[in-house]
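Peer 1: Sharing a structure with you now.
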Amino acid sequence: MILTFYRGNWCPYCNAELRGFQRELPEMKALGAEVLAISPQKPSFSEDMQEQHQLDFEVLSDIGNKIAKDFGLVFQVSDEILNLYNDKFSLDLKKYNGEEGSRELPIPATYIISPEAKILNSYINPDYSKRFDPEAIVEFLETL
């Protein structure tokens, strides 16, 4: 299984990443992998993301970042960044994530997990613009 945490459908880097997963999905499935994407956004926004990009894999909501916290990925968004999101981009995290997750986001991260629940490979980078390239994931899966 390929488990990826993303910030939300408002994030252009997340959109590009999930489209990349969709593009590589047939090859990933042929190699025995499924993709599961998780964000803290409300279910309606996760459904919108899946429909908008015609994603043929599960896109789930992690309200309150409960799963992301278990993976140690959650950080508090600073006042400065919240103000930037609100003022420059008209992005209200409370609208997307609900009250419970209005100041928290997951660090984008991707895990390749075996059927025995062992993490075989992972990519975690606090720089939200850097992601585990889906083509590189396919290359890794081919070595298994």
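None of the figures in this text is laboratory data; all of them are computed from the coordinates on show. All of these numbers come straight from a predicted model, not from anything done at the bench. Every residue, glycine among them, receives a Cβ derived from its backbone with ideal geometry; neighbour counts consider all protein chains shown.
Peer 1: Filtering segment 104-144 down to residues that are among the β-branched types (V, I, T) and in contact (Cβ under 8 Å) with a residue 12 or more places away in the chain, which residue is farthest from L82 (Cα to Cα)?
Peer 2: Among them, the one singled out is V138.
Peer 1: Kindly establish whether F57 is under 17 Å from A37 (Cβ atoms) and either basic (K, R) or touching a Ser or Thr at 6+ places or on another chain (Cβ under 7 Å) (or both).
Peer 2: no
Peer 1: A further question on this structure: Within segment 1-22, take every residue that is among the charged types (D, E, K, R) and either buried (at least 20 other Cβ atoms within 10 Å of the Cβ) or within 20 Å of V74 (Cβ to Cβ) (or both) and give me the one that is nearest to the chain's Cα centre (by Cα). Spell out the reasoning first.
Peer 2: From segment 1-22, those among the charged types (D, E, K, R) are 7, 17, 19; that's our starting set.
Cutting the leftovers down to either buried (at least 20 other Cβ atoms within 10 Å of the Cβ) or within 20 Å of V74 (Cβ to Cβ) (or both) gives us 7, 17.
On the way: R7: 6, E17: 8 Å.
The selected residue is R7.
Peer 1: For segment 86-144, what are the residues that are part of a strand (DSSP E or B) and either among the β-branched types (V, I, T) or under 17 Å from N65 (Cα atoms) (or both)?
Peer 2: Those that are part of a strand (DSSP E or B) and either among the β-branched types (V, I, T) or under 17 Å from N65 (Cα atoms) (or both): E104, L105, P106, A109, T110, Y111, I112, I113, I119, I124.
Peer 1: Filter segment 68-90 down to the residues that are closer than 18 Å to T110 by Cβ and without any contact (Cβ under 8 Å) to a residue 60 or more places away in the chain, then identify the one that is surrounded by the most Cβ atoms within 10 Å (Cβ to Cβ). Outline the logic, then answer.
Peer 2: From segment 68-90, those closer than 18 Å to T110 by Cβ are 68-75; that's our starting set.
From what is left, the residues that are without any contact (Cβ under 8 Å) to a residue 60 or more places away in the chain are 69-70, 72, 74-75.
Details: K69: 13, D70: 10, G72: 10, V74: 20, F75: 13.
Residue satisfying both the conditions and the ranking: V74.
Peer 1: From D62, D48, which residue is surrounded by fewer than 16 Cβ atoms within 10 Å (Cβ to Cβ) and either touching a helix residue (DSSP H, G or I) at 6+ places or on another chain (Cβ under 8 Å) or within 23 Å of K94 (Cα to Cα) (or both)?
Peer 2: Exactly one of D62, D48 is surrounded by fewer than 16 Cβ atoms within 10 Å (Cβ to Cβ) and either touching a helix residue (DSSP H, G or I) at 6+ places or on another chain (Cβ under 8 Å) or within 23 Å of K94 (Cα to Cα) (or both), namely D48.
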